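One structure below.
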Amino acid sequence: MENKKDVGKELPEAKQENLPLYLFRGGKSRRAYEYLGLHKTSRNGRECMVARVWAPKAKEVSLVGNFCNWDKAKYPLKKIDDEVWEGFTDFVFQPFELYKFYVKTAQGEDTYKADPYALHTETRPGTASRYYDLEGYHWQDAEWRNQKKKNPHYSQPVNIYEMHAGSWRKYADGSVFSYEKLGDELIPYVKDMGFTHIEFMPLTEYPFDGSWGYQVMGYFAPTSRYGQPKDFMRFVDRCHQAGIGVIMDWVPAHFPKDAAGLARFDGTPCYEYADPRKGEHKDWGTLVFDYARNEVVSFLVSSAVFWLREYHIDGLRVDAVASMLYLDYSRNDGEWVPNKDGGKENLEAVEFLKTLNEAAFAEEPEVMMIAEESTSWPMVTKPTYMGGLGFNYKWNMGWMNDMLRYMSLDPLFRSGNHSSLTFSFFYAFSENYILPISHDEVVYGKGSLVNKMPGDEAQKQAGMRCFVTYMMAHPGKKLQFMGTEFAQKNEWNFEKELEWGLLQHQEHRDAQNFFRAVNRFYLSRPELWEQDFDWSGFEWISNDDYKQSVIAFRRKSKDGRELVAVCNFVPVERHNYRIGLPVRGTWAEVFSSDDKAFGGGGVTNGSSVKTEDIPMHGCEQSAALTLPANTVFFLECMRRNPKRAVKPPQSKLSGAKEKLSVQRRSVKAKKA
């Protein structure tokens, strides 16, 4: 249970008797799931169950289920204050027992609600909660957790494999993999492909498959589609033992209107804003959480902490943050209500996000709190004490939009859109960014990544390799959606597994070989990730050759090592293209997206590129290079050649003076 230390403040003596209730009602609880919901307890010397639920305006509440033939009179709850109900059974539930809360609403209607704090649920189309005890799982990821403390992710490689658990692979009959089977198949695949983290689209329980998990009903229950809660614990544990982090999409922005869910829980707006101009997203058919209610804040913060604490989740990607921040989000004039200052910012949501992030970092200092935020809201990834929202990462949606638009252009028109290529570098260090090529970019007619590229099949593949290699070179952590790594042709369809059959074709095996190689190259080169968030890790060489669509820049590690990335974004091979290089010596091409192993042409500058004392791009020396078509390659200095100092010619007089000086020093030495 929570205590004073958990909230960091001394509490009034009068509140000590029922501290969990006080914290919940005050918006200060981080573990409300330990108090509300259904729990095993003892009363009058006997083991029993206690149920608690927040239903402020309800007329009656009772615990119902198979155990009492859904008799609403058998186990009534009573109010223990003016909003929270509590009741006891005379027996202990068996695991997986079905139950709900019967709620007679303020209007006198009979409703049956799933437990908002349930740890397990029926699989859709069922909507009942299931009793489940999380105790007893023995975690074996201590080494992983210790490594996270010693090696902060800010200066480590982060290359995320985003996925939908139900459509990565399926059995031949179309049924989905369990958490256990996913562990057997997914973990070694992700490890082999060189990804560092798996990010799941929401696994919090949801009723409608077509929402992909973004319309949540069970904020404390991993979806039962793939197994039991401890099965998911074991999956996370196995990931950690393999050195792979686990990130979950988490949705505090809105929730569905399903009758058994949070909507009008006691017959009135309870979890949602009462005013539909604030409390409903008509585009999505969902309701918006009321961030001004303390109990809602406790509910959501406790959900976030729950996944970090009980399931050892390494990060939460917070969905739809922009919809939370702006009162006019996707609303026309007259459809939204200004804040108290007359502005469009949702001040209550802003405070909630700060509270959320403070709680998350208090619970797990190494957590990754990632904002999916698509606007120019300032200081999203700055600490709350500096006035920021308190996240430590933000998806770089601007980079994503600019680059996908740029890469989809016919190369003839890229020269006129050069700013789309270079603009992201102007703000690359204003936030801690993750560069995302996510599921949102391969649905709704947008096409798969490879099919966004212009040209014939070979040019499409080359364009994709060029883009992804450039992405690895660009400052910021990385994220790519499943299927991209073998150049899936069609858009993602959540009802089907990925198009694994494409791997019978050479060009798709080549694409997979490329992703494996570029991911491993990224992992092996601190220059590409050790200094992602400030200018010390990046420096331009050339950014203004818009006519030929070529850029070049430096990436640097903390110990001074560096790579030079050279990017040619048109299908034209260029010879004797001169760029400045920062070190005099012999350079080698250490990775190229045009490698024959990936299906490329194999055009290379080889392992011996010698600089010449020809100034270029602010450097004292330069080299003439061959730029393969549609290619990004990296150069590394293999041998430094210090510039020899040339002695100025001496006059006879100066020579005589030097000779006399040496003689005098010799005489003094003998006397000594």
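Taking the criterion of being within 15 Å of Phe220 (Cβ to Cβ) and part of a strand (DSSP E or B), the residues of segment 102-123 that qualify are Lys113, His120, Thr121. Residues that are touching a Pro at 6+ places or on another chain (Cβ under 7 Å) and charged (D, E, K, R) within segment 61-115 comprise just one, Glu83.
Out of everything in segment 49-69 that is in contact (Cβ under 8 Å) with a residue 24 or more places away in the chain and surrounded by fewer than 16 Cβ atoms within 10 Å (Cβ to Cβ), what residue ends up being farthest from Thr111 (Cα to Cα)? Top of the filtered list is Asn66.
Residue count for segment 520-539 under the criterion of being closer than 21 Å to Met193 by Cβ and of a type in the set (Ser, Thr, Tyr): the result is 2.
From the list Cys239, Cys270, which one is surrounded by 19 or more Cβ atoms within 10 Å (Cβ to Cβ) and either at pLDDT below 95 or in a loop (DSSP other than H, G, I, E, B) (or both)?
Values: Cys239 fails: either at pLDDT below 95 or in a loop (DSSP other than H, G, I, E, B) (or both).
Just a single option satisfies the conditions, and that option is Cys270.
Here Pro475 meets the list (1) part of a loop (DSSP other than H, G, I, E, B); (2) over 19 Å from the mean Cα position of the chain (by Cα) almost entirely, failing just condition (2).
Based on this model, can you work out whether Thr604 counts as assigned by TED's automatic domain parsing to the domain that holds Gln548 and assigned to a loop (DSSP other than H, G, I, E, B)? It is true that Thr604 is assigned by TED's automatic domain parsing to the domain that holds Gln548 and assigned to a loop (DSSP other than H, G, I, E, B).
In segment 585-611, of all residues being in contact with an Asp or Glu (Cβ under 8 Å, 6 or more places away or on another chain), modelled with pLDDT of 95 or more and on the phi > 0 side of the Ramachandran plot, the one that is surrounded by the most Cβ atoms within 10 Å (Cβ to Cβ) corresponds to Gly599. When segment 623-644 is filtered for residues that are over 20 Å from Arg525 (Cβ atoms) and either not assigned by TED's automatic domain parsing to the domain that holds Val603 or not aliphatic (A, V, I, L, M) (or both), the ones remaining, listed by number, are Thr626, Pro628, Asn630, Asn641, Pro642, Lys643, Arg644. Residues that are of a type in the set (Gly, Ala, Ser) and surrounded by fewer than 18 Cβ atoms within 10 Å (Cβ to Cβ) do not occur anywhere in segment 561-584. Exactly one condition in (1) part of a helix (DSSP H, G or I); (2) farther than 19 Å from Gly390 by Cα; (3) among the aromatic types (Phe, Trp, Tyr) is not met by Trp307; state its number. So Trp307 meets the others, but not (2).
If you go through segment 509-519 one residue at a time, do you hit one that is buried (at least 17 other Cβ atoms within 10 Å of the Cβ), part of a strand (DSSP E or B), among the aromatic types (Phe, Trp, Tyr) and at pLDDT 95 or above? No - not one qualifying residue is present in segment 509-519.
Each row is one residue, and each column tells you yes or no for (1) aliphatic (A, V, I, L, M); (2) surrounded by 15 or more Cβ atoms within 10 Å (Cβ to Cβ); (3) farther than 30 Å from Lys257 by Cα.
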{"site": "Phe96", "(1), (2), (3)": "no, no, no"}
{"site": "Asp110", "(1), (2), (3)": "no, no, no"}
{"site": "Asp141", "(1), (2), (3)": "no, yes, yes"}
{"site": "Asn146", "(1), (2), (3)": "no, no, yes"}
{"site": "Ser167", "(1), (2), (3)": "no, yes, no"}
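Among the conditions (1) of a type in the set (S, T, N, Q); (2) out of contact with any Ser or Thr (no Cβ under 9 Å at 6 or more places or on another chain); (3) at pLDDT 95 or above, the only one that Ser374 does not satisfy is (3).
The values are calculated or read from the model by the stated rules, or taken from the named source; none is laboratory data. It should be emphasised that the depicted structure is a prediction, and the values quoted were computed from it without experimental measurement. Glycine also receives a Cβ, built like all others from the backbone with ideal geometry; neighbour counts cover every protein chain displayed.
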